[in-house]
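Report on the following structure.
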Amino acid sequence: MKEEQSSLLLKSSSLFPPPQGVKLSYGTAGFRADASILKSAVYRVGILAALRSLKTQSVVGVMITASHNKVTDNGVKIVDPSGGMLSQEWEPFADQLVNAQTPETLLSIIRECVEKEKIPFDGVQSAEILLGRDTRPSGESLLEAAKHGISSIFGAIALDLGILTTPQLHWMVHARNKGMKATEPAYFEQISSSFRCLIDLIPNGTKVNKLDNRVVVDGADGVGGEKLLVLKNILTDLVNEVRNSGKDGGLLNDGVGADYVQKEKVVPRGFGSNDVGKRCASLDGDADRLVYFSVPSNSSSKIDLVDGDKMLSLFALFIKEQLNILTREGNKKSNNNFQAHLGVVQTAYANGASTDYLKQLGLEVIFTPTGVKHLHEKAAQFDIGIYFEANGHGTILFSESFLSWLEARNNELALVSEGSEQQKAALRLLSVSKLINQAVGDALSCLLLVEAILQHMDWSIHKWNELYQDLPSRQLKVKVVDRTAVVTTNAETVAVTPPGIQEAIDAETAKYPRGRCFIRPSGTEDVVRVYAEASTQEGADSLANSVAKLVDQFLGSGSSAR
Ligand code: 16G
Ligand code: ZN
């Protein structure tokens with residue numbers, strides 16, 4: 001590393017001293033903390049992003065958001081050139097860099113990283129980093145810190161894209177590296193035109209939602225609400241109303257948003273008994289999660305939740321149907337056949353009834369630990385891989401080889417049987433691959449896909465919800481002295497330590513019909529989470545409570561709470 005580069009780094013890092021006595025960890029989805037202590041971390045993530053861009057010789061992204069957490073928190077994460085999460089191999093660098101106590105230690109960690117990764121670091125190579133942030137008030141000054149970090153690496157430039165949803169930034173990094181236009185209008189153009197294609201392909205059906213039957217969306221008072229208003233202007237028939245759009249002074253994630261709705265199973269602020277029977281949806285604070293819900297007639301605050309598992313089931317059903325049409329009888333004449341491997345990926349939080357349903361559809365279901373990066377990696381191994389967490393994070397991945405086959409098949413069908421059911425099925429799948437954000441789960445594109453499929457099937461939200469009935473479940477969290485004392489295996493379904501706890505959990509679970517229960521250390525909070533399922537709500541509650549007590553006993557003092 002050249003002398004000028006070292007002194008630039010020493011000088012700029014002295015402007016961003018790390019907070020004393022705080023250790024940050026990259027965790028499941030980047031650094032997150034109270035915004036007041038994050039400047040130094042964001043500055044250093046700027047440096048790391050520049051190194052990542054130099055190493056890969058591609059564009060990378062930095063997103064400033066704390067998603068569904070409270071408005072005074074913030075966070076930062078890196079988007080890899082593929083548009084996915086930062087490669088897990090680089091997470092330890094991120095931890096070391098952010099926790100370095102002095103400019104000198106920071107410099108030596110950067111030197112080590114440059115050497116180990118053989119990063120071209122001669123000031124000749126260039127690096128480009130796209131920056132985005134959500135609507136948090138702290139975002140602007142943190143973004144400046146990221147720019148400082150980037151500009152302290154010679155040859156690195158930052159492109160500030162302003163306020164974006166997390167998935168928009170992921171999409172743009174992906175697009176940029178594919179040589180496509182990476183702008184917000186290009187994003188909206190792609191998702192809205194592929195949505196229109198799906199609507200045009202609905203078999204002799206009503207082509208648009210009847211006015212009184214359009215979705216009402218809770219925007220979590222965040223960036224997703226703002227962007228949905230833009231989309232509402234482009235697709236005027238889509239959304240009836242955006243509430244908690246962030247425009248009317250409501251507080252971000254405060255009694256609103258997908259996380260709140262999914263965990264508490266109650267209506268978000270601004271919804272109530274006037275909404276009985278309507279199809280409602282809720283985005284989270286950075287619009288990478290989506291859940292649907294409806295308000296039952298006998299209630300003013302309780303909801304019928306339609307979660308990520310149901311979205312996964314709806315998507316799987318639709319895609320399977322299109323694949324069946326494509327490969328059925330008359331089609332066999334083609335010498336251009338492809339047995340597409342369709343698979344789904346879930347976590348232990350998936351409701352057991354959803355897994356049964358998916359298996360009964362004949363689908364291969366695999367499980368991974370919690371966190372998008374784990375699910376995404378597994379889904380990428382299928383020709384079509386659909387992944388969802390129950391909390392509403394998820395997307396569909398299409399392999400390059402399947403997509404090129406599909407394009408070719410579509411062209412072939414256009415010649416021999418234009419407008420046939422087979423060709424329509426091919427076009428539908430192509431449209432889904434363009435509508436869905438393959439870089440990462442995206443509440444806006446998932447919303448469009450759900451809306452298109454419900455219209456295609458001519459289904460109400462109730463019909464959709466009846467695909468299967470969720471088993472009653474309960475989630476608790478237990479504050480413990482050291483959550484790392486819990487180590488799990490088998491996609492978090494088995495606790496290996498502390499010794500003896502799994503046997504105790506098994507003995508408790510065996511007392512309940514259809515009982516299932518697991519514990520895991522949270523990746524985002526200092527707690528151990530408990531999930532329990534049983535044939536009745538009382539059973540699930542009681543199982544969760546007993547296991548929370550076991551966690552208390554095995555791990556020391558703390559109190560359990562919902
Ligand atoms: C993060 C993850 C989410 C996961 C959640 C679990 C991403 C983008 N986000 O929000 O997928 O469900 O953490 O939180 O990966 P927990 O570890 O605190 O239960
Ligand atoms: Zn989020």
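What to note about this one:
- Ellipsoid semi-axes in whole angstrom, largest first, where each is sqrt(5λ) of the Cα gyration tensor of the range 134-191: 23, 17, 7
- Estimated FRET transfer efficiency when R0 is 25 angstrom, pair LYS247-VAL276 (beta carbons, to 0.05): 0.45
- The residue among LEU130, ALA33, MET63 whose Cα reaches farthest toward the positive pole of the charge dipole of the range 3-163, with charges on the beta-carbon of Lys, Arg, Asp and Glu, is ALA33.
- With Cα atoms as the point set, the radius of gyration and Dmax of the chain evaluate to 24.0, 72 Å.
- Value in Å of the Kirkwood radius, where the range 473-555 supplies the Cα pairs that are averaged: 12.3
- Modelled this way, with points 7 Å down the Cα-to-C-beta line, the labels at LEU159 and ASP482 are 4.7 nm from one another.
- Net lengthening on full extension, SER404/GLU89 (0.36 nm per residue, minus Cα-Cα): 110.3 nm
- Dimensions (Å) - the range 209-253, Cα atoms, principal axes, largest first: 32, 18, 13
- Diffusion of the range 309-465 by Stokes-Einstein, at 20 °C in a medium of 1.002 mPa s and with Rh set to the Kirkwood radius over alpha-carbon pairs, works out to 134 µm²/s.
- Two-decimal ratio, the range 151-271, of alpha-carbon radius of gyration to 2.2 N^0.38 Å: 1.29
- Rg ratio (alpha-carbon, reference 2.2 N^0.38 Å) - the range 3-163: 0.93
- Label-point separation in nm, GLN360 to SER297, each point 7 Å along Cα→Cβ: 2.7
- Ordering of 233-244, 314-325 by packing [mean C-beta count within 10 Å, highest first]: 314-325, 233-244
- Set against the 2.2 N^0.38 Å expectation for a compact globular protein, the range 336-375 has a Cα radius of gyration ratio of 1.36.
- When each of LYS265/LYS310; LYS11/LYS118; LYS320/LYS434; LYS55/LYS178; LYS55/LYS77; LYS227/LYS477 is checked by Cα-Cα distance, pairs over 27 Å: LYS227/LYS477
- Spin-label zone in the range 81-119 - amide nitrogen under 13 Å from a point set 7 Å from the Cα of GLN57 along the C-beta vector: 119
- Largest first and in whole Å, the equivalent-ellipsoid semi-axes of the range 19-95 read 21, 13, 11, each the square root of five times a Cα gyration tensor eigenvalue.
- Placing +1 on the Cβ of every Lys and Arg and -1 on the Cβ of every Asp and Glu, with no other charges, gives the chain a dipole of roughly 260 debye about its Cα centre.
- Note on the range 200-307: Rg/Rh from C-alpha atoms, Kirkwood Rh, equals 0.98.
- Shown here for the range 449-514: trypsin sites (Lys or Arg not before Pro) in loop regions (DSSP other than H, G, I, E, B) with at most 16 other Cβ atoms within 10 Å, namely LYS511, ARG514.
Quick note: the coordinates plus some simple rules give every number you see, no bench work behind them. Values in this document were obtained by computation on a predicted structure and should not be read as measured data. Counting neighbours? That spans all protein chains shown, and the Cβs are built from the backbone with ideal geometry, glycine included.
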